[in-house]
Amino acid sequence: MSERATLEIIAPTVEEAVSQGLNELGLPPEAVEVEVLDSGARGLFGLGGRQVRVRLTVKGDQPPVEAESRREPAGPETLEPPTETDELLRLSEQTVADLLNRMKIQARLETRYGEADEEGQQAVLVDIRGNDLGVLIGRRAEILNALQYIVNLMVSKQLERWVQIVIDVEGYRTRRDRQLRQMARRMAEQAVRTGRRQVLEPMAASERRIIHLELRDHPQVITQSIGEEPARKVTIVPK
């Protein structure tokens, strides 16, 4: 495999680049290290933009470096160990910790279950805490979403079933969630007041879902998704 120790992929998004690279190498996600060389840039009016460039490096036979990430201390000089009785929480945290260690990023991890959805399913929430972690978010959270995608693949493969793991950095998704819900309500009011549909900016599927859920019980508007990825948008339509 020395001839293919590394592979660089250029694609529209980090997720597409990683997926394409794994397919070309014929390897599972846990067998490679991912480095985002260029997070890309959008050109003027969508023209002439720069695509994402990602390097996949095949892991060697060296033993893995002990992860430096840990849980948030429960008190001074007291570390709270991962819950040994819950394999999903433990594995999710350790996978994120290993990836961060390989990226040489020191951080603390807070891992817990989120609220149950309508079907009673709970996602695992892993919040990364530390200093100067903006590099893990990227433009429009592209790097954060790619990290989340890789962790979901790795943990799901090890457990041999699909799991949902949400990765956050310093509460970024929580703040973004709050902003989206406030915007949804504000735009719904505007749609009702003007009698005209309101078209929101392009969003990732996870963010569009927040808008739909926030307004699903609104008595005066309905929501729809229009367009094609990655420019798919939510429209808020008066009833």
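The values are calculated or read from the model by the stated rules, or taken from the named source; none is laboratory data. Computed from a predicted structure; not experimentally measured. All Cβ positions, glycine included, derive from the backbone under ideal geometry; neighbour counts span all protein chains shown.
Quick notes on this structure:
- None of 21, 26, 40, 48 is at positive phi and either modelled with pLDDT of 75 or more or aromatic (Phe, Trp, Tyr) (or both) except 26.
- Total residues in segment 93-125, condition surrounded by fewer than 16 Cβ atoms within 10 Å (Cβ to Cβ) and either polar (S, T, N, Q) or modelled with pLDDT of 90 or more (or both): 3
- Test: residue in segment 164-179 that is among the small types (Gly, Ala, Ser), more than 12 Å from the chain's Cα centre (by Cα) and at negative phi: no
- The residues listed here are 193, 186, 176; of these, the one that is of a type in the set (Lys, Arg), in a helix (DSSP H, G or I) and surrounded by 14 or more Cβ atoms within 10 Å (Cβ to Cβ) is 176.
- When each of 201, 207 is tested for being touching a residue at least 24 places away in the same chain (Cβ under 8 Å), touching a Leu at 6+ places or on another chain (Cβ under 9 Å) and under 26 Å from residue 14 (Cα atoms), the lone residue that passes is 207.
- Picking from residues in segment 126-149 that are assigned to a helix (DSSP H, G or I) and polar (S, T, N, Q), the one that is surrounded by the fewest Cβ atoms within 10 Å (Cβ to Cβ) is 145.
- Candidates 181, 186: the one that is touching an Asp or Glu at 6+ places or on another chain (Cβ under 7 Å) and among the basic types (Lys, Arg) is 181.
- Test result for residue 153, part of a helix (DSSP H, G or I) and either in contact with a Cys (Cβ under 8 Å, 6 or more places away or on another chain) or crowded, with 16+ Cβ neighbours inside 10 Å (or both): yes
- The residues on offer are 216, 173, and the sole one that is at pLDDT 90 or above and either out of contact with any Leu (no Cβ under 7 Å at 6 or more places or on another chain) or over 30 Å from residue 107 (Cβ atoms) (or both) is 216.
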